[in-house]
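In what follows, a structure is listed as structure tokens, so that the remarks can point back to it.
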Amino acid sequence: MSIGSEITVEQLEADPYPTYEQLRAEAPVCFVESVGLWLVTRWDDVQHVDKNPALFTGETEPSTLNRTFGKNLLGSEGAYHARIRSIIYPWFRVGAIGEYPDKVISPIASELVDGFAGRGECDLVADFAEPLSARVLKQALGLDFVEESTLRRWFAELAEGAANFEGDPERQKIADAASAEVNETVAPVVDRLSREPNDTLLSSMVHTEVDGEKLTLEEIRANLKVMIVGGLQATTDLISLSLWAILSHPEQLELVRTEPSLVNQAIEEAARWHSPVGTSTRQTTGATEIAGVALEQGSLVAAVLASANRDERNWTDPERYDVRRNEGSHLAFATGPHLCLGARLARYETRAAWRVLLERLPGLRLDDDHAVEISGWEFRSPNQVRVKWS
Ligand code: HEM
């Protein structure tokens, strides 16, 4: 039996890293039957896939993303993608959201800490990372009147459609209902924003004009759904995983406490070590090859960002979490034309989260009575991160 026919979904979900290590060594471009994808696992090859959209397109056929959200930037390439991205990008520039950490994120993080500081213990996922990323995203998008639980439900239901590769009509129905609900909720907001602009992402999507082009209402709705699905869980996961990473290395936590300028590096290293988003999924536009392995036109390829981030060809001792690592940037936010648009916001959130927690909760440490279980290969999340403080 080949490696690709032996790998199970359960194995990938529980801990994909030993499998990635074996694939990098023995079959760096490998069709994995259980997931129906060619997994590309080495650093150079993952870059090759992400940086060559003419050969490896994000506009897959069928496209679960376009079917569920409407045609959007993540599910498109070329001039169309460039046009949408150029209109959405300005809101994410430093000049536009540079004040977010102090004005928006830190106050929300502090308020959350106020709620549990007196308890001496909490779950950093449920009590902190989840509400923080939901509240920041709502505010950023301009949907602050939407309940957090509703935003989370939209995320889960839209994600059902995005992951519905088998085209199950029941799963699609759930996603389509959420999509209709988002459209209905957004309609009056867009209407108001077109008369009264403000500083939100939705308002920016309504008003930004590049080379005489604006987004249509359909494009605004479709891309808003990409932000909901891309911006909620992954940010929660980066906050939780990075805090778990540093707290499970007390000697490195000490280093960061004495040298706070290491915080950003410690967060980037956590994103490399346990990447919240595991893959970029693409489809070959013609016959091609990667690392000598022939791929037919129409092959579905997962460029495994999480594996590239542990490739021993690019990193020294890659299994080790090391806040002093200085080996260049990782691929947790992908690369090429689909490089994550929200990376700056996600980084701001995670840095502010660290700052507020380290300042407000002296003696912060993991609660060893509650094991942290991390699972998932396309999206990697801890079930909980229970902590105590002095
Ligand atoms: C830690 C948090 C995040 C991680 C790890 C992450 C990761 C990624 C990755 C890997 C991609 C590329 C996917 C591919 O190549 O197929 C991507 C794209 C994208 N992300 Fe993020 N993301 C995060 C947060 C956010 C946030 C907060 C937003 C927006 C509010 C966002 C919006 C987007 C958008 C719009 C794209 C598509 C860009 C394009 O197609 O040109 N992400 N993200």
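Some values worked out for this structure:
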| quantity | calculated |
| --- | --- |
| Full-stretch length increase - PHE145, GLU296 - with 0.36 nm per residue and alpha-carbon distance subtracted | 49.5 nm |
| Theoretical FRET efficiency, 1/(1+(r/R0)^6), r = Cβ-Cβ of TYR17 and ALA156, R0 30 Å, to 0.05 | 0.70 |
| Packing-based ranking, highest mean first, of 275-286, 195-206, 228-239 given that Cβ atoms within 10 Å are counted | 228-239, 275-286, 195-206 |
| The range 3-388 - charge dipole about Cα centre, Lys and Arg +1 at Cβ, Asp and Glu -1, debye rounded to 20 | 1040 debye |
| Mean accessible surface per residue for the chain, computed with a 1.4 Å probe while every protein chain stays in place, in Å² | 42 Å² |
| Carbon + sulfur, % of accessible area of the range 3-388 - ligands and nucleic acids excluded, 1.4 Å | 50 percent |
| Residue with peak Gaussian network fluctuation, the chain [Cα springs, cutoff 10 Å], from PHE69, PHE145, PHE379 | PHE145 |
| Two-site label geometry, ASN198 and VAL94: point separation in nm, points 7 Å out along Cα→Cβ | 2.8 nm |
| Net charge contributed by nearby residues that have their C-beta within less than 11 Å of LYS173 (K/R +1, D/E -1) | -4 |
| Backbone HN-Hα couplings from phi across the range 156-172 [Karplus 6.51/-1.76/1.60, Hz, Gly and Pro as x] | 5, 6, 5, 5, 3, x, 5, 9, 7, 5, 7, x, 5, x, 5, 5, 5 |
| 5 angstrom amide H check on VAL301, placed H, neighbours 5+ away | TRP38, ARG282, GLN283, THR284 |
| Over 31 Å (Cα to Cα) - which of LYS71/LYS138; LYS51/LYS173; LYS138/LYS173; LYS225/LYS388; LYS138/LYS214; LYS173/LYS388 fall in this group | LYS51/LYS173; LYS225/LYS388; LYS173/LYS388 |
| q = 0.09, 0.12, 0.14, 0.18 Å⁻¹: log10 I(q)/I(0) that the Debye formula gives for the range 72-187, counting C-alpha atoms only | -0.36, -0.63, -0.83, -1.14 |
| Convex hull projection area averaged over all views, the chain, Cα basis, nm² | 19.5 nm² |
| ³J(HN,Hα) computed for each position of the range 181-193 - Karplus, 6.51 cos²θ - 1.76 cosθ + 1.60, integer Hz, glycine/proline x | 5, 4, 4, 5, 5, 7, 3, x, 5, 4, 4, 5, 5 |
| Whole-number D in µm² s⁻¹ for the range 123-184, Kirkwood Cα-pair radius fed into Stokes-Einstein, 25 °C, 0.890 mPa s | 195 µm²/s |
| q = 0.24, 0.25 Å⁻¹: log10 I(q)/I(0) that the Debye formula gives for the range 223-317, counting C-alpha atoms only | -1.21, -1.24 |
| Label-point separation in nm, HIS207 to LYS173, each point 7 Å along Cα→Cβ | 4.3 nm |
| Förster-model FRET efficiency, 51 Å R0, GLU359 and LYS214, C-beta, rounded to 0.05 | 0.75 |
| Per-residue [θ]222 nm for the chain (sum of -39500 (n - 2.57) over DSSP H runs n ≥ 4, rounded to 500) | -15000 deg cm²/dmol |
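The values are calculated or read from the model by the stated rules, or taken from the named source; none is laboratory data. Predicted, not measured: the structure shown is a model, and the values here were computed from it. Quick reminder, even Gly has a Cβ in these numbers, built from the backbone with ideal geometry, and neighbours come from all protein chains shown. Quick note on the areas: whole protein, heavy atoms, side chains included, nothing else; ligands and nucleic acids left out. Shrake-Rupley method; radii C 1.70, N 1.55, O 1.52, S 1.80 Å.
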